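Values quoted throughout were computed directly from the atomic coordinates according to the rules given, and no laboratory measurement underlies them. Note that the structure is predicted; figures quoted are calculated from it, not measured. Virtual Cβ from ideal backbone geometry, glycine too; neighbours counted across all protein chains shown.
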Amino acid sequence: MRRSAGLRHFLLSWLEPLSGVVALAVGWQIASMVAANPTLVPPLQTIWGALVDLAHGDLVNDIVASLFHLAGGFGTGAILGLLLALLCARFELVAAVIDPIAEFLRPISAIAWIPIAILLFGVGQGVPMFLIFYASLFPIFVNALDGIRRVDPTLVRAAEMLGASRRLVVTHIVLPAALPAVFAGARLSLGVGWVAMVAGELVGADTGLGYRIEYFQEFFSMEGVMATIVVIGIIGYLLDALLRLLQSSLLRWSPAHGGSR
Amino acid sequence: MSPAMRIGLPFAVVAIVLVAWEIAVRASHTQGLVPLPSGVVHSALALTEDGTLFSALGSSLERVVIGFAIAAAIGIPIGLAIGTVPVLDRTLRPVLDGLRGVAPIAWIPMAILWLGVRGDAALFVVAYAAVFPFILNTSEAARRIPRSLFHAAESLGAGRLLLIRSVVLPGALPFVFTGARIAMAFAWGSIIAAELAIGIKVQTARRAVAGIGQLMVDTLYVRRDVDALVLYMIVIGIVSFLIDSGLRRAQARLMPWTQR
Amino acid sequence: MDAAMSKPIIRLDAVSKTFQAPRGGGMVEALREISLDVRPGEFLSIIGPSGCGKSTLLSLVAGFLSPSAGEILFEGKPITGPAPERGVMFQDYALFPWRTVIGNIEFGPFARGVGRRARRDKAGELAELVGLKGFEDRYPHELSGGMRQRCALARLLANEPKVWLMDEPLAAVDLQTRIILQDELLRLWGDGVESADRPTVVFVTHGIDEAVLLADRVVVLARRPGRIKAVIDIDLPRPRAPLRSVPEVARIVDQLWSVIRDEAAMAIAEEGN
Ligand SMILES: Nc1ncnc2c1ncn2[C@@H]1O[C@H](COP(=O)(O)OP(=O)(O)OP(=O)(O)O)[C@@H](O)[C@H]1O
Ligand SMILES: [Mg+2]
C-alpha cells in the first residue's frame, strides 16, 4: 500500500513535467501541419535533424565559445562588483562617488550597450564579454553592498571580542554574512547576462550560440535557428539550475535558503 | 559628509573625468574614432532641433507600451493559474523555465518570418521578454497568500468577492507590481536590442522602420557618428532611469504597505 | 581574600557615556559618573530598568565603546579595544549563522592562531561540557534557544577569558531551561570551589531573584542617566544551586525589590508619557 503510493508519487514527479513538454511539442507539430509554408513552423523531425547535424558539426565549439564569453564577462563583473562593494562599504568617500553613478547606470539594460560595444571592441569576443560584464557588475555590486551594510554589527563585535583581526573580520564575518545577497545578485545577473550574451553574439560576434542563429538565418535554415534556440533554452535552464544547486549547498546555514529546499 | 558635498562630489568627479577625456582625445587626434564629450553636446543640440531623436524615441516607447500590455494580458492569467492550481505549476514550470532560458532576441529570425520587419517582430520580442516577470511574480503572489487568511476572512463572514477584494488583492498586488516593474525594464531593454538586430538586417532596404535601435544602427554603420551614438546611449540611460524611478515611486505611493 | 580586594581586576572611575542620538537628534546621556571596582573572581550582577545603560556599561568594559569621560582600567591598564581576555555573551546570542556549533566554539582559538587539531579537540570537549554533544554539526538556526545559549557560552569558554561579560544571557529562554542553565553556569564558573584563577563574572539581568541567587554583589542602576543607586552584598553561602528554595533568598529579593521599587515605578510613569 505504502510502496505503491511511493511509486505513484515517483512516476508523477516525472510524468507531470514531461507532459508539459509533450504538450508544447504536440502544439508545435500541429501548428507546423496547419501552417501554409513548412519553413514558417519547421516540424519537429526537421528540427531534430538540424539538431543532429549541428551536434555533428559546430555545436560543441559554439557552446564552448558561449560559455567562454560567459565565464570571462561574469568573472570580471562579479569580482569588480564585489571589490567595489567592499570599497564603498569601507570608505564613505568612494561610496559617495560610486553610488550615484551606479544608480544611474544600473537601470540601463546591457543590451543597449551593443552599438557602443561594437564601436569599442569591433565584431568579436569583446562584444558579448563586455555585455555580460556589464550585466553582472551592477546586480552583484548593489546586492553585495546592501548585504555588507546589513551585516549585524554584533557579529562583528563578537568576532573582535574573540580576537579576530580586521582582515579576519572581513573574510570570515562580512563576506559570509553578505553571501546570500551576493548569490541573489549573481543569479539575477547570470539570467540577464545570458540574454545579453546571445544578443551580443547575434549582432556583434563571429562565435557562440547567438552567432549560430545569425548564421542559420543567412541561409534561411529555420530548422537550424530552432535547433539553436532549443540548445540555448536547455543550457540557460541548466545554468540557473546549477547556480540554484550551488546556492542551496553553500547557504545550507541560512534558514531562508538551504536545508529543506 | 554634508548634503552639498554628497551631491557635488559625484558631479565633480564626473566633470574631471570628462575634461580629462576631452583633452586626451584631442591630444591623440582620435576624434571621430573615439567619442568626444564636446561632440556629444554638439550632436545633442543638432538632433533636438531636427526632431528625429524624439520621433524615434516615441515610436520605440509606443512599442514598449504595447508589448508590455500584451505581456500583462498573457502573463497575469497564466501566473494566477499556475499559482493556484498546483498540478498546472508542476506540468508547466519546466516548459516555462526552458522558454525563459531562451534569450528573447534569439527569436528574432522566427519573429521576422512570422510577423515581418515592420515592427511587429520587435513587438514580439518585447512581449516575450516581459511576459516571464509577470508569470513568475503573479504565481508567487498567488502562492504566498496564506490559507489562514482565507479562513480568517471566511469566518468573519466575508463573501467570495469581498474576500478577493479585501484579502487576495492587497496581498498579491505588490508582487504583481514588482513583476510589472521588472517586465517594464526588460521590455525597454529588449526593444533596443530587437530594433538593433532588425535594423542591422534591413539597414539600407527599409529605412522607414523608425525607433531608437534603428537610429543607432544607422548612426553606427551608415553615418559613423560616434558622438551621436554616445548621446543616444545617454538618452537611453535617462529614459531607463525615469521609468525605473517613476515606477518605484508609484509603487510606494499606491501600495504604502509594501516594504522597500 | 583581603589581598584580592585591594587590587580590582576592573576599575571604573567616574565613567560617563553620552550618545549622539541618530538622525540629528540631541544627546542621550546613557551613563553618568559610574565608579565601581570589580574584584577578581567575584560574581557581580547588574540590575536596573530597561534603557538604564546596562548594555552600554558592558560594551565599555568589553572595549566596543570608549567612555565620554572618566577611565576604565583592566588589571591597572586602560582598555583600548576588545580582547579575548574579556569574553562577552550577547543579549541575542550573536552566534555566527554560517558556522556550525563546533565552528562557532572554535572561532576564538582559530582567530588567535591555534592549530586545527588542537582547536577542534578543545571545541569538542567544550561542546560536551555544555551539553551539546551530538549537536556539533548543527547550524545555529537548527538549535533551540537554550542550545544556542549553551553554544555561546562554550564559544566564550574556548578563549579562557579572565572576565565573562554577560548581557542578559538567560532572558530569552523558558523558565525551566533558565533554571537548568543557571545551575550549569554556576558549575562552569566554579561555584563553591575555592580557586585562585576563577574567572570574574559581570552578569546583567532583569531578574532580581536571578541576581540574588547567582551573585556575590548586586549593583542597582538608576535610569536616565544611568547612575549607581545601590551596591548590595549577598551574604549567602556557596554553592548556591541548593539554595533555590530557601526562605532567606526570598527575604533578600524582597529587600532588594524595595530598593528599586521607586525606580521602577518612576520608569513606568515616564514611559506612560
Ligand atoms: N549607539 C547608540 N546611539 C544612541 N543611543 C544609544 C546607543 N546605544 C544605547 N543608546 C541609548 O542609551 C540608553 C541605554 O541603552 P542600553 O542599551 O545600554 O540600555 P539597557 O539597560 O541595556 O536596556 P535593556 O534592558 O533594554 O537591554 C538608552 O536610552 C539607549 O537608547
Ligand atoms: Mg541591554
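Key figures for this structure:
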| item | result |
| --- | --- |
| Distance in nm between pseudo-label sites at residue B:74 and residue B:23 (7 Å out along the Cβ direction from Cα) | 5.4 nm |
| Projected-area average for segment B:1-154 over all orientations - Cα convex hull basis, square nanometres | 17.5 nm² |
| Relative contact order %, segment A:125-261, counting alpha carbon pairs below 8 Å whose residues are six or more apart | 26 percent |
| nm² value of the averaged projected area, convex hull over the Cα atoms of the protein assembly as shown | 45.4 nm² |
| Point-to-point label distance, residue B:248-residue C:117, nm (Cα→Cβ direction, 7 Å offset) | 5.5 nm |
| Choice from A:185, A:49, A:126 showing the highest fluctuation, given a GNM over chain A with Cα pairs closer than 10 Å | A:49 |
| Within a Gaussian network of chain A (alpha carbon springs, distance under 10 Å), most fluctuating of A:129, A:226, A:197 | A:226 |
| Integer Hz, Karplus 6.51/-1.76/1.60 couplings in order for segment A:134-145, x for Gly and Pro | 5, 5, 7, 3, 6, x, 6, 4, 5, 5, 5, 4 |
| Top positive-direction residue, dipole computed over the protein assembly as shown with Cβ charges, set C:250, C:73, A:219 | C:250 |
| Karplus 3J(HN,Hα) series, Hz, for segment A:24-30 with 6.51 cos²θ - 1.76 cosθ + 1.60 (x for Gly, Pro) | 4, 5, 4, x, 4, 4, 4 |
| Amide H contacts of residue C:226 (H built 1.01 Å from N, under 5 Å, at least 5 apart or other chain) | C:31, C:32 |
| Contact order normalised by residue count of chain C, Cα under 8 Å, 6+ apart, percent | 24 percent |
| Entries in C:54/C:77; C:77/C:133; C:54/C:122; C:133/C:162 that, when Cα-Cα distance is taken, lie over 29 Å | C:77/C:133; C:54/C:122 |
| Two-site label geometry, residue C:196 and residue A:242: point separation in nm, points 7 Å out along Cα→Cβ | 6.4 nm |
| Size of electric dipole in chain C: Cβ of Lys, Arg +1 and of Asp, Glu -1, about Cα centre, debye, nearest 20 | 740 debye |
| Whole-Å distance, taken between Cα centres, linking segment A:166-208 and segment A:97-141 | 13 Å |
| Calculated [θ] (222 nm, deg cm²/dmol) that DSSP helices of n ≥ 4 give over chain A, each run adding -39,500 (n - 2.57) | -27000 deg cm²/dmol |
| Per-residue ³J(HN,Hα) for segment C:58-65, Karplus 6.51 cos²θ - 1.76 cosθ + 1.60, θ = phi - 60°, Hz, x for Gly and Pro | 5, 4, 5, 5, 5, x, 6, 10 |
| Positive-end residue, the protein assembly as shown charge dipole about Cα centroid, Cβ charges, pick of A:17, B:237, B:192 | A:17 |
| Chain A - percent relative contact order, Cα under 8 Å, separation 6 or more | 22 percent |
| The protein assembly as shown - share of DSSP beta bridges that are antiparallel (%, nearest 5) | 55 percent |
| Theoretical ellipticity at 222 nm over chain B - DSSP helices of four or more residues, -39500 (n - 2.57) apiece, nearest 500 | -26500 deg cm²/dmol |
| Highest-fluctuation residue, A:200, A:124, A:208 considered, GNM on chain A with Cα pairs under 10 Å | A:124 |
